[in-house]
Amino acid sequence: MFNIVLVNPQIPPNTGTIGRLCVNLDATLHLIKPLGFDIDDKAVKRAGLDYWHKLNLVVWEDFDTFLEKHPIDNNTHLATTKTDNIYFNASFAKDDYILFGSETKGIDEKVLLENPSRCITIPMGGAGRSLNLGVSVGIVTYEALRQNFDGFKKISIENSLEEISCQ
């Protein structure tokens with residue numbers, strides 16, 4: 001459905017939580033090295049629970065290698081606190097790439113400055129700097145899902161019905 005890209009994630013439970021979200025949305029999770037943890041870290045798998053083995057996961061050696069294969073275009077969204085473009089005004093399509101930077105640094109400012117029309121943000125009050133990465137990914141990805149729900153609804157309902165056992 002969607003491609004969630006974490007650029008240099010640092011906190012294992014965030015990545016595990018996002019992996020679990022990706023499994024439930026049939027999204028691919030792209031992790032771009034360097035990572036702040038070992039991908040086999042227990043904290044990643046604990047947050048991902050028993051979903052981790054079902055995750056469609058792609059690990060990239062670095063951001064440049066990722067960009068060579070997936071250049072920033074109209075199907076790319078760069079989540080950042082450094083823009084006024086609100087995420088719910090963006091148009092999302094199936095198979096879009098939604099990029100999130102590391103918890104400590106975000107996406108490289110040079111990339112943001114080169115692609116201002118692709119930048120999106122989540123509105124926040126003035127008391128905080130940012131939201132938790134897992135929360136941010138959930139907010140933006142579920143807006144993308146809302147905009148593309150027709151194709152997802154059938155798959156979701158069919159899968160749920162297969163798992164339901166009424167007696």
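The values are calculated or read from the model by the stated rules, or taken from the named source; none is laboratory data. On a predicted model such as this, the values are computed, not experimentally measured, just so you know. Methodologically, a virtual Cβ is constructed for each residue, glycine included, from the backbone with ideal geometry; neighbour enumeration extends over all protein chains shown.
Would you call LEU29 touching a Lys or Arg at 6+ places or on another chain (Cβ under 8 Å) and either over 13 Å from GLY101 (Cβ atoms) or modelled with pLDDT under 90 (or both)? It is false that LEU29 is touching a Lys or Arg at 6+ places or on another chain (Cβ under 8 Å) and either over 13 Å from GLY101 (Cβ atoms) or modelled with pLDDT under 90 (or both).
Consider LEU67 carefully, then state whether it is under 15 Å from the mean Cα position of the chain (by Cα) and among the hydrophobic types (A, V, I, L, M, F, W, C).
No.
Against the test of being among the β-branched types (Val, Ile, Thr), touching a strand residue (DSSP E or B) at 6+ places or on another chain (Cβ under 9 Å), modelled with pLDDT of 95 or more and closer than 18 Å to LEU25 by Cβ, the options ILE98, ILE86, ILE107, ILE139 yield a single qualifying residue, ILE98. When THR80 is tested against (1) of a type in the set (Ser, Thr, Tyr); (2) touching a Gly at 6+ places or on another chain (Cβ under 9 Å); (3) modelled with pLDDT of 95 or more; (4) farther than 14 Å from GLU103 by Cβ, exactly one condition is not met: (4).
Tell me, please, whether a residue that is in contact with a helix residue (DSSP H, G or I) (Cβ under 7 Å, 6 or more places away or on another chain) and within 15 Å of VAL7 (Cα to Cα) can be found in region 64-72. Before you say what the answer is, go through the steps one by one.
Of the residues in region 64-72, the ones in contact with a helix residue (DSSP H, G or I) (Cβ under 7 Å, 6 or more places away or on another chain) are 72.
Still in the list and also within 15 Å of VAL7 (Cα to Cα): 72.
Looking for residues that are in contact with a helix residue (DSSP H, G or I) (Cβ under 7 Å, 6 or more places away or on another chain) and within 15 Å of VAL7 (Cα to Cα), one finds at least one in region 64-72, hence yes.
Within region 21-35, being assigned to a loop (DSSP other than H, G, I, E, B) and closer than 18 Å to GLN10 by Cα holds for LYS33, PRO34, LEU35.
Within region 7-29, the set of residues being in contact with a strand residue (DSSP E or B) (Cβ under 7 Å, 6 or more places away or on another chain) and closer than 18 Å to LEU145 by Cβ comprises ILE18, GLY19, CYS22, ALA27, THR28, LEU29.
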